[in-house]
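Since the structure comes first, as structure tokens, the remarks are kept for the end.
Any read-out appearing in this document is the output of simple, stated calculations on the displayed coordinates, not a laboratory observation. This structure is a prediction, so every number in the text was calculated from the model and none was measured. Note that we place each Cβ from the backbone using ideal geometry, even for glycine, and neighbour counts take in every protein chain shown.
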Amino acid sequence: MELGLQGRRAAVAAGSSGLGLGVVRALAGEGARVAFCGRDRGRLESAAASIEGEARPIVTDLATPEGATGFVAAADEALGGVDILVCNAGGPPAGTFASTPMPAYRDALDLNLLSTVAMCEAAVPAMRSQRWGRVLVITSATVREPAANLILSNVARAGATAFAKTLAREVAADGITVNTLQPGLHDTPRLDDLGAADRGALAAAIPARELGDPDDFGRVAAFLCSDAARFVTGVSLPIDGGRFAGLQ
């Protein structure tokens, strides 16, 4: 299928590894011009060298709204505009209500909610002017079914989902789609951060009997950025191998 992404300008946040890198690879592979960010210059440059197509690394920290806005500004300068925005960020630390101090909520909201708001504030007005744009927000399957010991992620990413759904309805008539992707367990460094040593056991608990592949995830993201997906907006799509058992 021709996705119509040739020459489109895409800004992908937190794209130096994991799911973000899968999205960068997919978009660049479809001919999009991509700028992507991360905090570690060495990791960014290594990722850029592995990508077929145009992918420009930008060093920035999304932990503050100012950093998030700065990324969009840098991507706009590097590419001459931003047609596609992929909002993504690393997950906050694990913890329960009893173990999580109040300041940690502010940090999580900055990283996983307010960074998304800031990036959209920086990118969406130009999309409205040109009457074409794609916004994807990578959240988590825990938005549908909150996970134990991940209270910060559950809270912040639920807020990002509500923001994206509201924005989708406001900008749909301007030719802009806004969707969220809700990944389940994928084979990424995030599992290491959470201390998940036995990946075989994790895969066995998924109906598909395997962990997700970040490159497969990226291809789903690329479709939602395509011309063919212009009537798909306000959607929260689980990508979890069938793990979520609810009807919606």
Taking only C-alpha pairs under 8 Å that are 6+ residues apart, what is the relative contact order of region 139-186 in percent?
49 percent
Once Cα extents along the principal axes in Å is worked out from the coordinates, which option in (i) 46, 41, 38; (ii) 72, 31, 30; (iii) 55, 39, 32 does it equal?
(i)
Taking the Cβ of each residue in VAL124, VAL232 as the centre, tally the other Cβ atoms inside 10 Å and list the residues starting with the fewest.
VAL232, VAL124
Using the Kyte-Doolittle scale, which helices in the chain average at least -1.0 and also have C-alpha atoms spread 24 Å or more along the helix axis, with helices defined as whole DSSP H runs?
151-171
Under the 7 Å Cα-to-Cβ spin-label approximation, ARG56 and GLU2 lie apart by a distance in nanometres of 2.7 nm
Taking only C-alpha pairs under 8 Å that are 6+ residues apart, what is the relative contact order of the chain in percent?
22 percent
Can you tell me the order of 40-48, 11-19, 67-75, 236-244 when each peptide is scored by its average per-residue count of other Cβ atoms within 10 angstrom, highest first?
11-19, 67-75, 236-244, 40-48
For a protection proxy built on the mean count of beta-carbon atoms within 10 angstrom, sort 26-33, 97-104 highest first, please.
26-33, 97-104
Sorted from fewest to most neighbouring beta carbons within 10 Å, what does the list ASP198, ASP213 look like?
ASP198, ASP213
How would you rank GLU170, GLU54, GLU210, going from fewest to most other Cβ atoms within 10 Å of each one's own Cβ?
GLU170, GLU210, GLU54
Run the simple label-point estimate for ALA205 and ALA49 please: 7 Å along Cα→C-beta, distance reported in nm.
3.7 nm
What's the magnitude of the charge dipole for region 100-176 around its Cα centre, counting Lys and Arg as +1 and Asp and Glu as -1 at the beta-carbon? Answer in Debye, nearest 20.
220 debye
Roughly what would the spin-label model give for ARG131 and VAL232, points 7 Å off Cα along C-beta, in nm?
2.4 nm
